[in-house]
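First up is the structure itself, then whatever we jot down about it.
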Amino acid sequence: MTNDTLSPEPEAAEVPALRRRSFRLPEEIGVIVALLVMIVVIGVARPRFLNPINLLTILGNTTFEGMLSLGMVFLLAIREIDLSVGWMFNFSAVVAALMMVAGFNPWLAALAGVGFGAVLGLVNGVLAIGLGLPSIIVTLGTYSMFEGLSLVANQGRAVFPADQSSSFFAFASMKIFRVVPVVGILFVALAIVLHIVLHRTRFGYRVQAVGSNPEAARFAGIPIALVRVQTLVLMGAICGLSGATYVGFRGAIDPQEGADFALIVIAAVIIGGTPLSGGWGTVIGAVVGMLIIQVISSGIIFFGIDATWSTFVTGAVIVLAVALDQIVKRQRERGVSS
């Protein structure tokens, strides 16, 4: 048989497949619709909620925890969880702020904060691989380690860089047209980049392959240990970026800031549609999931409900998201078996 007789068949088969893909709804459509419905419902009951300034404020408040949720997508996709993200954020911010206090250029100090976060992620990765343990166990320990070291470094007090006349602080706190926060734009830009990394690069392919089937990934020649370490380093670097940006935005870092980030970050990723079983992740879904959490918190305030209920509601939404994830998973398994 010649190539001429074989070539038309795959082309004919590929064209309909490509057409079907082009009209396929995005995986995140469910959570996007849920977010829009929530905004409309709250807006109808409390019209002031739909004020553009309020909505952009929600985006700004989402930024720092939201950045962390983007990295957590990669970890859940590889069947890992990092419980130390809040203190990596805090410790990196403290290091960046202390360098600014010591007279270093704020941009250089912020870059050092990002690098320091990557080092903390490397510590998590090396311990997980060296001890042969899941990262959730290792980071349960490093959570307290990083907390203790951060409190030693800042002496239990907030760190305020005295000179905030640098362009770094002006940039981080800037609002375009006096409305759109630059940090919110940075968050969205980072989400776009990481979405491309997860779905269009070799690293992203490896992350999803390892999370989908570690044994098959090993037989395919994928260095599983290296991919795990790289993913944890990425998580640490994102924590460093978020922490350094926070210092520029707020002008200080409090000793307990970030302590409760882990629950919110993991919740946003799960609500966004990334399965706990690994093998796949959605960065865009994590962004929407974080927005849903912030809309819930803001909506509770607008309805005059005690803000402490927001934690309960967030937990209830997590349980609902996990339940739906399990239902969808079972339906898919039944579909495959049938």
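The values are calculated or read from the model by the stated rules, or taken from the named source; none is laboratory data. Because the structure is predicted, anything quoted here is derived from the model rather than measured. Note that we place each Cβ from the backbone using ideal geometry, even for glycine, and neighbour counts take in every protein chain shown.
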Taking helices (runs of 4 or more DSSP H) that do not extend beyond segment 207-271, which have at least 3 residues that are modelled with pLDDT of 95 or more and crowded, with 16+ Cβ neighbours inside 10 Å? 224-250
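What about residue 108, is it surrounded by fewer than 24 Cβ atoms within 10 Å (Cβ to Cβ), under 23 Å from residue 182 (Cα atoms) and free of Cβ contacts under 8 Å to residues at least 12 places away in the same chain? Lay out the reasoning, then the answer.
Numbers: surrounded by fewer than 24 Cβ atoms within 10 Å (Cβ to Cβ): yes; under 23 Å from residue 182 (Cα atoms): yes; free of Cβ contacts under 8 Å to residues at least 12 places away in the same chain: yes.
Spelling it out, residue 108 is indeed surrounded by fewer than 24 Cβ atoms within 10 Å (Cβ to Cβ), under 23 Å from residue 182 (Cα atoms) and free of Cβ contacts under 8 Å to residues at least 12 places away in the same chain.
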From the list 104, 146, which residue is aromatic (Phe, Trp, Tyr), in a loop (DSSP other than H, G, I, E, B) and on the phi < 0 side of the Ramachandran plot? 104
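Step by step: first the residues of segment 46-57, then only those that are in contact with a Gly (Cβ under 9 Å, 6 or more places away or on another chain) and assigned to a helix (DSSP H, G or I), then the one that is surrounded by the fewest Cβ atoms within 10 Å (Cβ to Cβ). Which residue is that?
We begin by selecting, within segment 46-57, every residue in contact with a Gly (Cβ under 9 Å, 6 or more places away or on another chain); these are 46, 49-50, 56.
If we keep only those that are assigned to a helix (DSSP H, G or I) as well, we get 49-50, 56.
On the way: 49: 21, 50: 13, 56: 16.
Among those residues, the one meeting the criterion is 50.
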Close pairs (8 angstrom Cβ cut-off, 6 or more residues apart or separate chains): over 12 Å from residue 64 (Cα atoms) in segment 253-265, basic (Lys, Arg) anywhere: 255/157
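Against the definition (touching a Cys at 6+ places or on another chain (Cβ under 7 Å), assigned to a helix (DSSP H, G or I), within 28 Å of residue 201 (Cβ to Cβ) and modelled with pLDDT of 95 or more), how does residue 89 come out, yes or no?
Numbers: touching a Cys at 6+ places or on another chain (Cβ under 7 Å): yes; assigned to a helix (DSSP H, G or I): yes; within 28 Å of residue 201 (Cβ to Cβ): yes; modelled with pLDDT of 95 or more: yes.
Considered against the rule, which asks whether it is touching a Cys at 6+ places or on another chain (Cβ under 7 Å), assigned to a helix (DSSP H, G or I), within 28 Å of residue 201 (Cβ to Cβ) and modelled with pLDDT of 95 or more, residue 89 comes out as yes.
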Within segment 32-40, is even one residue on the phi < 0 side of the Ramachandran plot, of a type outside the set (S, T, N, Q), free of Cβ contacts under 8 Å to residues at least 60 places away in the same chain and outside any helix (DSSP H, G or I)? no
Would you check if residue 80 is assigned to a helix (DSSP H, G or I) and either over 21 Å from residue 230 (Cβ atoms) or of a type in the set (D, E, K, R) (or both)? no
With respect to residue 154, is the statement that it is under 17 Å from residue 250 (Cβ atoms) and of a type outside the set (Val, Ile, Thr) true? yes
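Determine if segment 173-194 includes at least one residue that is hydroxyl-bearing (Ser, Thr, Tyr), part of a helix (DSSP H, G or I) and at negative phi. Break it down into steps so the answer makes sense when it comes.
Pass one, segment 173-194, residues hydroxyl-bearing (Ser, Thr, Tyr): 173.
Next cut, part of a helix (DSSP H, G or I) only: none.
No, the conditions are met nowhere in segment 173-194.
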Pairs under 6 Å by beta carbon, first residue among the charged types (D, E, K, R) in segment 170-196, partner surrounded by 14 or more Cβ atoms within 10 Å (Cβ to Cβ), six or more apart or different chains? 175/181
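Test residue 296 against the criterion of being within 13 Å of the chain's Cα centre (by Cα), surrounded by fewer than 24 Cβ atoms within 10 Å (Cβ to Cβ) and among the hydrophobic types (A, V, I, L, M, F, W, C), and give yes or no.
On the way: within 13 Å of the chain's Cα centre (by Cα): no; surrounded by fewer than 24 Cβ atoms within 10 Å (Cβ to Cβ): yes; among the hydrophobic types (A, V, I, L, M, F, W, C): yes.
No; evaluated as a whole, the condition is false for this residue.
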So residue 283, is it crowded, with 24+ Cβ neighbours inside 10 Å, touching a Leu at 6+ places or on another chain (Cβ under 6 Å) and not charged (D, E, K, R): yes
Tally the residues that are in contact with a Leu (Cβ under 8 Å, 6 or more places away or on another chain) and closer than 24 Å to residue 97 by Cα, restricting the search to segment 163-193. 4
Note: among 109, 128, 118, just one is in a helix (DSSP H, G or I), modelled with pLDDT of 95 or more and either of a type in the set (Lys, Arg) or more than 29 Å from residue 279 (Cα to Cα) (or both), namely 109
Under 7 Å by Cβ, and 6 or more places apart or on different chains, what pairs join a residue from segment 291-313 that is over 20 Å from residue 64 (Cα atoms) with one that is surrounded by 15 or more Cβ atoms within 10 Å (Cβ to Cβ) and of a type in the set (D, E, K, R)? 302/46; 303/46
Could you grab the pairs with beta carbons closer than 7 Å, sequence gap of 6+ or different chains, first residue in segment 198-226 and touching a residue at least 40 places away in the same chain (Cβ under 8 Å), second one aromatic (Phe, Trp, Tyr) and in a loop (DSSP other than H, G, I, E, B)? 208/280
